[in-house]
Amino acid sequence: MDLLTKCTFVVSCLFAGWMITLITGANCLVYPSETSVDGAIKLPSAVIPVSQASRLGFFSSLSLSSTFPEDLEVNEYCIELLHIYGQRYVTYANCLVSYARPVKICQNCYTYFSNLNEIYNNISSDKLGPGNVSCHDSLMRSDRLMLLYTLYNKIEEIWTSAECEQCLTGDPKALSNGTVNFMATLNQSLTCFEQYQRNHSELCKDCKASYKRLNELYGRMEKNQTLCIDIEDAMNMTRRLWSKNYGCSVPREETVAVIAVSSFMLFLPIIFYLSSFLHSEQKKRKLIHPKRAKSSSSLMNIQDKFS
């Protein structure tokens, strides 16, 4: 038993040594070791991601500092127009965001939109600049994205849907007289509201005249199609204050006519059935006896005479 145990132990040690040798050889094949200058074996280095490698400067030699041929380069004049376009676009976009609520973009941003429209028309036109150069092809149609056109088209949709042109007049653009008049009347109503914040019953009575004038002015502008988003939003907010916050109401002139017509339509079936009933009763009273009975009685009288 002792000899068998010793033999088994020796065989196990040999098998373990053989396995360790195979595993070490496999690791060397998969990750070949690097030898330093002094002959020491170095462990394989870890794989570095491309993004981290670029931050570490591994791809600094791949920068696009080289230039294209001169016939493909954008003219300096067009580059200057592109720079101006970017500045005016950002200015106009900032104005839209700043006056988004409450909406006052037509009153405060029309100058910036006019400036942006001017530089865009300059770029998109075929008008030649210094050196007989047109920037239309190089800036507007040089790629599939057509970024300048896309940006301008999207932001022009906002201006068009807001119908700001209906509140402006002249060239250069300025607020129309109707818009200025509406804003002045609106300020009168809001000033009156502020004076009676703590007494809504007095507010409804004393501010009724100014609020009524504002509504009438808004109605005329709506018929004349001189409303823009600024006026529409201001009127909606004022009506909400008047009716919901303050609990006031203004009876309209057409309300009496509507009530009268509604009442007539409501009682019309009753009038119809009542007149039908009276007419049928009158017919019953004027009912005439049939002629057949009268002729039979006269016939009997004749027979009596002859008899």
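Brief remarks follow.
- The length gained by stretching the chain between Tyr149 and Glu165 to full extension, at 0.36 nm per residue less their Cα-Cα distance, is 3.6 nm.
- Using θ = phi - 60° and Karplus 6.51 cos²θ - 1.76 cosθ + 1.60, couplings along region 166-172 (whole Hz; Gly, Pro as x): 6, 9, 10, 7, x, 9, x
- Calculated FRET value between Val90 and Ser201, using beta carbons and R₀ = 45 Å, to 0.05: 0.35
- Here the label points at Asn117 and Ala209, each 7 Å from Cα along the C-beta direction, are separated by 4.0 nm in the simple model.
- Accessible area (Å², 1.4 Å probe, nearest 10) - Leu241: 50
- Amide hydrogen proximity for Ala174: with H placed 1.01 Å from N in the peptide plane, the residues at 5 or more positions away or on another chain lying under 5 Å are Thr169.
- Each of Val250 and His83 was given a label point 7 Å from its Cα along the Cα-to-Cβ line. The distance between the two points is 5.4 nm.
- The accessible-area ordering, largest first, of the residues Ser263, Ser249 stands as Ser249, Ser263, per a 1.4 angstrom probe.
- Each of Met265, Met237 has its accessible area taken with a 1.4 Å probe; listed largest first, they run Met265, Met237.
- Of Ile270, Ile158, the residue with the largest accessible area leads and the full order is Ile270, Ile158 (1.4 Å probe).
- Here the calculated FRET efficiency for Ser262 and Leu190, from their Cβ-Cβ distance with R0 = 35 Å, stands at 0.50, rounded to the nearest 0.05.
- Accessible surface, region 92-183, averaged per residue in Å² (probe 1.4 Å): 59
- Shape category assigned to region 122-174 from the gyration tensor of Cα positions, a/c cut at 1.5: oblate
The values are calculated or read from the model by the stated rules, or taken from the named source; none is laboratory data. Worth saying up front: this structure is predicted, and the values here are computed from it rather than measured. No Cβ is skipped: glycine too gets one built from the backbone with ideal geometry, and neighbour counts run over all protein chains shown. Remember, those area values only see protein heavy atoms, side chains included, never the ligands or the DNA or RNA. Shrake-Rupley method; radii C 1.70, N 1.55, O 1.52, S 1.80 Å.
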